[in-house]
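Have a look at the structure below before the remarks.
The values are calculated or read from the model by the stated rules, or taken from the named source; none is laboratory data. As the structure is a prediction and not an experimental result, all values here were calculated from the model. Cβ placement follows ideal geometry from the backbone for every residue including glycine, while neighbour counts extend to all protein chains displayed. Side chains included, ligands, DNA and RNA excluded: accessible areas come from the protein's heavy atoms. Shrake-Rupley method; radii C 1.70, N 1.55, O 1.52, S 1.80 Å.
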Amino acid sequence: MNIVVCVKYVPDAQAERTFNASDNTTDRENVDGLLSELDEYAVEEALKIVEAGEGEVTVLTVGPDAAADAIKKALQMGAAKGVHVNDDAIHGSDAVATSLVLAEAIKKLGDVDLVVTGMASTDGTMGVVPAMLAERLGLPAVTYASELTVEGSTATIRRDGDASTQTITATLPALVSVTDQINEPRYPSFKGIMAAKKKPVESWSLADLGVDASQVGLDAAWTKVDSFSARPPRTQGEIVADEGDGGAKLAAFLTERKFV
């Protein structure tokens with residue numbers, strides 16, 4: 001079974017994140033980056049499927065030079081090879097353009113049985129790329145999987161909602177997005193880290209995919225950041241002295257701020 005996992009290189013959520021003043025795009029140069037945590041679950045699930053049968057996992061990412069680190073982490077976890085779509089014209093692309101580039105890259109890879117993604121990226125958190133990508137590829141999309149089973153030519157997922165659980169099946173090839181409840185991603189072992197150095201990683205440009213630069217980038221984006229401002233500093237909290245009426249004062253405080 002040939003599985004493609006789409007991953008993203010994102011700014012570290014623990015770092016102080018901001019935007020570029022020149023074009024209001026996410027600043028990815030002055031902050032540490034890493035493989036999106038939610039994508040680790042997708043990599044782990046793909047590896048589990050292959051380890052239970054046969055086949056290989058290819059990791060695909062779209063991004064600048066530093067995005068190669070996301071592929072490297074996935075290779076250290078156990079993926080067989082990686083593909084990095086890297087082109088200056090992609091800078092500022094939104095979800096629509098990203099899904100286009102990913103779709104063309106997957107088509108170039110040839111026969112793919114299963115495409116696996118995380119449920120969203122930890123920087124944009126839109127969660128729409130999996131559905132867009134499935135539409136472009138003409139694949140059934142089974143999203144937000146808390147459990148995934150692949151048997152023969154059928155993929156079955158369990159989707160957990162607030163009030164109910166759904167079981168959904170799809171005929172392969174298909175696209176599946178997984179949640180952070182589906183597994184526990186493995187840590188790369190020393191053996192895996194060393195083996196990753198010898199695994200192949202291809203680098204493709206937009207020209208390699210037959211994608212015109214006018215279809216991607218900030219000028220083609222359907223969504224943009226108009227403006228941004230720094231979060232105001234936290235102010236000192238209010239101390240309520242309990243003189244027998246502390247409960248009433250606390251209730252009044254919460255009511256005034258419409259917390260209750």
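No other residue among 170, 196, 141 is touching a residue at least 60 places away in the same chain (Cβ under 8 Å) and surrounded by 16 or more Cβ atoms within 10 Å (Cβ to Cβ) apart from 196. Any residue at all in segment 170-181 that is farther than 22 Å from residue 126 by Cβ and part of a strand (DSSP E or B)? Yes, segment 170-181 contains a residue that is farther than 22 Å from residue 126 by Cβ and part of a strand (DSSP E or B). Contact annotation: no residue pair with Cβ atoms under 9 Å, 6 or more positions apart or on different chains, pairs a residue in segment 233-260 that is within 30 Å of residue 16 (Cβ to Cβ) with a partner that is open to solvent by 90 Å² or more (accessible area, probe 1.4 Å) and of a type in the set (Lys, Arg). Of the residues making up segment 125-138, those that are under 16 Å from residue 39 (Cα atoms) and open to solvent by 30 Å² or more (accessible area, probe 1.4 Å) number 5.
Considering only residues in segment 219-237 that are under 20 Å from residue 123 (Cα atoms) and among the hydroxyl-bearing types (Ser, Thr, Tyr), the one that is surrounded by the most Cβ atoms within 10 Å (Cβ to Cβ) turns out to be 223. Does residue 215 qualify as being surrounded by 11 or more Cβ atoms within 10 Å (Cβ to Cβ) and among the polar types (S, T, N, Q)? Against the criterion (surrounded by 11 or more Cβ atoms within 10 Å (Cβ to Cβ) and among the polar types (S, T, N, Q)), residue 215 qualifies. Within segment 10-32, being open to solvent by 30 Å² or more (accessible area, probe 1.4 Å), of a type outside the set (Lys, Arg) and either in contact with a His (Cβ under 6 Å, 6 or more places away or on another chain) or within 27 Å of residue 134 (Cβ to Cβ) (or both) holds for 13, 26. Scanning segment 238-256 for residues that are modelled with pLDDT under 85 and either open to solvent by 100 Å² or more (accessible area, probe 1.4 Å) or assigned to a strand (DSSP E or B) (or both) turns up 238, 239, 242, 243.
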